[in-house]
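Okay, structure first, notes after.
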């Protein structure tokens, strides 16, 4: 070997993003394997590669014994003390050996081991790069689909979008560029496995952080997110700065900021509402775009009874109860919605029945009953 070899190792390290020392160690280990294989050797050997000129030295390790039975692994005490009088029984000594034609044979046989170490080092680098990015957002290119699973090219690694993490009805065309939410990074024998999602509420949150500088800078805070991927989402925002309109900041000039997010999510509708520590106000805001006449909260049961104008009842409930259901998820309150006529009739009768709540995301029946109640859920 020569200094050209050392230069080649250093250049390869730079190209692959691997420390040259890792590659030098891989070469030394490969030479050890090659030596044992080609010279049918079982003894312990060590190879030392000069990092400057590429020269290498092979050392055999032998144990000092009184009478050797295996000359490749043992050396007589008398012979060892000729090398160094301080040697004692059971000491390990190293002697350099000069195997004939080893350079040519070693180069031929070491290549596979070196390439394997390079692949392992690359996998380690990629894993370290993505292991700390769970709950983060990445941009990838659709590569292929296999049995409903979508594989995405992230550059140095491939991500997996499982069927249950895909937006219903969303089409994934080859070479489309899209954003994904990293839900898990696994370390496997074949390298890092990155699992991503298009349905996770965290994707919506991260998209707003990217699109809205006020959120990125911490001036506006996202308090909660409720999402039914592919159809509608609600996001509650808050600021301590009286000079900032948190909803307006998220909407952007002429709606450009939120429209960019809607486009990324292929037309998913997004309601941006103002967060309030007052549950009555927060629930009323969460039912947007419906207008609320009054709210009554029961903190013990965490139920909020809402009255809306008669003509707004279906809007407040939403198609198949979606608006009420999302509002319940966003606020973590059970919501019982009634029209003014219904509320007046109940008041005249002196009744205050407990709402017939349903677990989210079960759909309410807006046509059959004129009342919808949604169970709160985690965003």
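Cut-off 10 angstrom, C-alpha nodes, Gaussian network model of the chain. Which of 294, 314, 131 fluctuates the most?
294
Can you show me the helix-derived [θ] at 222 nm for the chain, built from DSSP H runs with n ≥ 4 at -39,500 (n - 2.57) apiece and divided by the number of residues, rounded to the nearest 500.
Taken over the chain, the calculation gives -10500 deg cm²/dmol.
Relative contact order for the chain: what is it in percent, counting Cα pairs under 8 Å that are at least 6 residues apart? Walk me through the numbers before you get to the answer.
Values: 701 pairs, mean separation 32.8, N = 379.
Relative contact order here is 9 percent.
Neighbour counts of other C-beta atoms within 10 Å: give me 64, 251, 171 arranged from fewest to most.
171, 251, 64
Give, to the nearest whole percent, the P(r) tail of segment 131-230 beyond 24 angstrom, counting all Cα pairs.
Distances greater than 24 Å cover 24 percent of the Cα pairs.
Test of understanding: in a Gaussian network model of the chain with alpha carbons linked when under 10 Å, which of 261, 141, 93 would top the mean-square fluctuation ranking?
Evaluated over the chain, the most mobile residue of the options is 93.
Once the principal axes of the Cα atoms of segment 3-131 are found, what is the range along each, listed largest first in whole angstroms?
Computed over the Cα atoms, the extents are 55, 35, 26 Å.
So which residue, out of 165, 60, 268, gets the largest mean-square fluctuation from a GNM of the chain using Cα contacts under 10 Å as springs?
So, out of 165, 60, 268, the one fluctuating most is 60.
Taking N as the number of residues in segment 200-275, what value does Rg over Cα atoms divided by 2.2 N^0.38 Å take?
0.99
At 25 °C and a viscosity of 0.890 mPa s, what translational diffusion coefficient does Stokes-Einstein give for the chain, taking Rh as the Kirkwood radius over Cα pairs? Give it in µm²/s as a whole number.
92 µm²/s
Kindly give the semi-axes, whole Å and largest first, of the ellipsoid equivalent to segment 153-202, taking each as the square root of 5 times a Cα gyration tensor eigenvalue.
20, 14, 9
Using Cβ contacts closer than 10 Å as the measure, can you line up 304, 250 from fewest to most?
On the way: 304 28, 250 22.
Starting with the residue having the fewest Cβ neighbours, the order is 250, 304.
Size of segment 238-331 along its principal axes in angstrom, Cα-based, largest extent first?
38, 34, 22
List the relative contact order of segment 185-326 as a percent without decimals, with contacts defined as Cα pairs under 8 Å and 6+ residues apart. Provide the component values of the computation, followed by the final result.
Details: 201 pairs, mean separation 22.8, N = 142.
Dividing the mean separation by the residue count of segment 185-326 yields 16 percent.
Each value in this text was obtained by applying a stated rule to the coordinates, not by laboratory testing. Remember, predicted model here, so these are calculated numbers, not experimental data. A quick note on method: Cβ atoms are made from the backbone with ideal geometry, for glycine too, and the neighbour counts reach across all protein chains shown.
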